[in-house]
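Structure first, then comments.
Nothing in this text is a laboratory measurement; each read-out follows from the coordinates by a stated rule. A quick note: this is a predicted structure, and the numbers were derived from the prediction, not measured. As a convention, Cβ positions derive from the backbone with ideal geometry for all residues, glycine included, and neighbour counts pool all protein chains shown.
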Ligand SMILES: NC(=O)c1ccc[n+]([C@@H]2O[C@H](COP(=O)([O-])OP(=O)(O)OC[C@H]3O[C@@H](n4cnc5c(N)ncnc54)[C@H](O)[C@@H]3O)[C@@H](O)[C@H]2O)c1
């Protein structure tokens, strides 16, 4: 009689329990996740082959892009494949920035935008939507820092600081957010500062610090309102960065500040731009409503 060998039973598959639904085989999507559009990779147990850091074909609008951090961000987004709309009040700087990106084989255009002017905001957003049909990424970067003690801070200083650093972030986010919510997709990254969470010494700028704390909280609230519409909003808090802005406080401050940073160095604008690009990309799809410290560790002391 031929010997019949009983087929070996396959090794028991690992299971995990999801809610009340009971056991679920690894790799099998739970029906409760079917409607969860954001769960792009976790429901298969396999990594998606698309590069989540890529910004290929995204339309990105950056404010204050003529120099400093804004320029570094615009260049980084372009390298990652985005078409970048550079905006600023400095038109010469804008043209230089645009030519630089085009020379590096990136895709960019420049538009004059004074972020404190509601008419400018409406015109620029309408023009971009008319041409590109959407805005996928908004980087609210334009800002100024007025150095003044609390007792020196006049109503005019307070208003100038808030109008540019906080009000403009809200009104541009609102204008662009309306299109993002309709499209059910978008990422907004707002430039806050480590001054939002600690007092910066020894120079004084109460209005600046409060405006940046406002940006951090505005980002949380917008993130909460728009999360179900697929729009993420985050803020980034740079430490001291090598741009013209900290120079405004005087060179003598530099040596003092350097001692406050664990690595005893200023950050390069590209180090901030890399974090902004991450927050603008799908790689950060789990992050919204956060203030991400990119401060070289200045706030750990
Ligand atoms: N440099 C730092 O150490 C540092 C640290 C923390 C946060 N930040 C924040 O990062 C952002 C960029 O800072 P930066 O150091 O690159 O500054 P920067 O002064 O070098 O550049 C600011 C840009 O904003 C533009 N701008 C000014 N007013 C504008 C307006 N009304 N409309 C449109 N554009 C306008 C300027 O023309 C300039 O191109 C700011 O929001 C700043 O508060 C900077």
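Cut-off is 10 Å between beta-carbons; in what order do 240, 170 appear when sorted fewest neighbours first?
Going from least to most buried by this count: 170, 240.
What FRET efficiency, computed as 1/(1 + (r/R0)^6) with R0 = 35 Å and r the Cβ-Cβ distance, is obtained for residue 183 and residue 217, rounded to the nearest 0.05? Show your work: numbers first, answer last.
Values: r = 25 Å, r/R0 = 0.72.
For R0 = 35 Å, the calculated efficiency reads 0.85.
Can you tell me how segment 89-131 classifies by the Cα gyration tensor, rounded, prolate or oblate, using a/c under 1.5 as the rounded cut? Let's see the in-between values first.
On the way: a/c = 4.41, a/b = 1.62, b/c = 2.72.
In terms of gyration-tensor shape, oblate.
For the residue pair residue 116 and residue 252, what label-to-label distance in nm results when each label sits 7 Å from Cα along the Cα-to-beta-carbon direction?
Label at residue 116, label at residue 252, 2.9 nm between them.
What residues of segment 239-278 lie in the reach of a label at residue 104, counting those whose backbone N is under 15 Å from a point 7 Å from the Cα along Cα→Cβ?
Output list for this probe position: 268-278.
Given R₀ = 30 Å, FRET efficiency for residue 134-residue 96 by Cβ-Cβ distance, to 0.05? Don't skip to the answer; put the middle values down first.
Details: r = 27 Å, r/R0 = 0.91.
Result of the calculation: an efficiency of 0.65.
How do 114, 57, 295 rank when sorted from fewest to most other Cβ atoms within 10 Å of their own Cβ?
57, 114, 295
Give the shape of segment 178-301 as rounded, prolate or oblate, defined through the alpha-carbon gyration tensor: a ≥ b ≥ c are the square roots of its eigenvalues, a/c under 1.5 means rounded, and otherwise the shape is prolate if a/b is larger than b/c and oblate if not.
Here segment 178-301 falls in the prolate category.
State the Cα centre-to-centre distance between segment 80-156 and segment 165-219 in whole Å.
15 Å
Contact order normalised by length for segment 59-300, with contacts defined as Cα pairs under 8 Å and 6 or more residues apart; what percent is it?
20 percent
If I take R0 = 45 Å and measure r between the Cβ atoms of residue 126 and residue 268 in this structure, what FRET efficiency does the formula 1/(1 + (r/R0)^6) give, to the nearest 0.05?
My answer for the efficiency is 0.80.
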